[in-house]
Amino acid sequence: MREKPLVDLSQYLPILLFLGVALAISGAFVVLPMIVNRLTGTAKPNPDKLAEYECGFPAFEDSRAQFDVRFYLVAILFIVFDLEAAFLYPWAVSLGGIGLTGWASMMLFLVELGIGFAYAWKKGALDWE
Amino acid sequence: MTEWFQSLIGHGLGWFVATLILILMISLPLMLAVAMVIYGDRKIWAAMALRRGPNVVGPFGVLQSFADGLKVFLQEVIIPSAANKGLFLIAPIITFTVAQLAWAVIPFGKHMVLANINVGLLYILAISSIGVYGIIIAGWASNSKYPFYSAMRAAAQMVSYEVSIGFVLVTVVLWSGTFNLSGIVEAQRAHVFGIINGFGFNPLLFPMAVVFLISAMAETGRAPFDLTEAESELVAGYQTEYSSMVFALYWLGEYANVLLMCALNAVLFWGGWLPPIDWAPLYHIPGIVWLFIKVLAFFFVFSWVKATVPRYRYDQLMRLGWKIFLPLSLFWVFLVSGYLMITRYGV
């Protein structure tokens, strides 16, 4: 009697196949209209049509300009909290097996995170003026 | 079906053909559903504004989406001269591929699931995270101002709400004890008073169901959180430079994601393919019908909210995500795990 493996890899094979099918469908939706364009003669590019969008005049400045640093801050906060959530997942499925010690240590971790969160809040990192 | 094909053309090839058919049985109806749901969305929206909505193409206008599809298919594909051409075309492919791929683990019925993997919920999280790339690459590759700003907004918005979605999912996993979506549905059988199916009917989990529903709207960039394509500020957002079918891929992807979020709402909190009440005669109706009813009900809610709620400001959006949903869901992880420790694991 063989033990049932923890990770049933055969279940992942359909996903790989699905990836191929989904890529093919989306790729076809991008490539086919371009071919149809050429055949029907709707493709008539000219410099004005190919210019980047601006409200009726040539663009003033490069579009890859500076942007608000707060987006960067949000990204950093996201990494902290998403990583935290990633720690919680294995703990959540095995809550029945780890007893009071397991639960209490995770609560301690959550409290530490809560202190960090309160600090970020106090510092104004969560404000968006 | 797999066995039948395997008896016909051999083990490996039979599996391949059967799985391919199963995949197309998810993928093609999904595209059809998206077309019909776009029509439904427009019709609901119109009715709430006392308009008629699409009513010319076909009876009651039901073929409107197909007419639109044919039109965009024949339109010219414009690739701006300043754009990074490769990335510009890859971005919509990523968006639509990812929008389809997440459906691989959604259970449509008791054994109706393409990939019954142990970590279905983690897979959904991973896939929805990749969805951000489709948008941010589109904004960058367009090399135009409005798409770029929109992509920045979209990325910040999606990651902000993904955090609270993550914690909400922890509460569901705590209660069901598994990441497998079929397992989560089974855990909801006779959950409340031994007769009602669904975590959402549990008063302790109901607030999380609400948080998840609102976060799902923000995650998919639907109104009232459609700041990524706020037309008065950003023209059409990250899709500004796109045209033809390449533009339509974003539409398809967006609505496929909305449907996915509706399905997740149904599967995680409202019993998935189980009938709402654990009563034998209701099980005669196939599970997939129950799931469809729930998904369409949630889609109606999405349309309803779109038609009635004014758009948020960006600072309000961020405030809701970081200052309300995040502390609330974090506290709920503590609450639910503590409750389970006392009642279920007897500490």
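Read-outs throughout are calculated quantities, based only on the coordinates presented, and are distinct from any laboratory measurement. Small disclaimer: the values here were computed from a predicted structure and weren't measured. Backbone-built Cβ (ideal geometry, glycine too); neighbour counts: all protein chains shown.
Some values worked out for this structure:
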quantity: FRET efficiency estimate (nearest 0.05) - Cβ-Cβ, A:Val111 to B:His11, R0 51 angstrom; calculated: 0.40
quantity: Value in Å of the Kirkwood radius, where the range B:12-84 supplies the Cα pairs that are averaged; calculated: 15.2 Å
quantity: Volume per residue of the C-alpha convex hull in the range B:75-345, rounded to whole Å³; calculated: 128 Å³
quantity: Equivalent ellipsoid dimensions for the range A:11-123 as semi-axes, Å, which come from the Cα gyration tensor, largest first; calculated: 49, 29, 6
quantity: Rounded Å value of the spacing that divides the Cα centres of the range B:59-120 and the range B:295-316; calculated: 22 Å
quantity: Label-zone membership for the range B:241-269, site A:Leu32, 7 angstrom Cα→C-beta point, backbone N under 13 Å; calculated: B:245-246, B:249
quantity: Per-residue Cβ neighbour rank within 10 angstrom, fewest leading, B:Ser150, B:Ser81, B:Ser144; calculated: B:Ser81, B:Ser144, B:Ser150
quantity: Amide H within-cut-off set for B:Val192, under 5 Å, with H built and near neighbours excluded; calculated: B:Gly198
quantity: Which listed pairs, of A:Lys44/B:Lys145; A:Lys49/B:Lys85; B:Lys294/B:Lys323; B:Lys110/B:Lys294; A:Lys44/B:Lys71; B:Lys43/B:Lys306, have C-alpha distances above 22 Å, in listed order; calculated: A:Lys44/B:Lys145; B:Lys294/B:Lys323
quantity: Given 15 as the ceiling on other Cβ atoms within 10 Å, longest exposed-site-free region of chain A for trypsin sites (Lys or Arg not before Pro) in DSSP loops; calculated: A:65-129
quantity: 5 angstrom amide H check on B:Ile277, placed H, neighbours 5+ away; calculated: B:Asn197
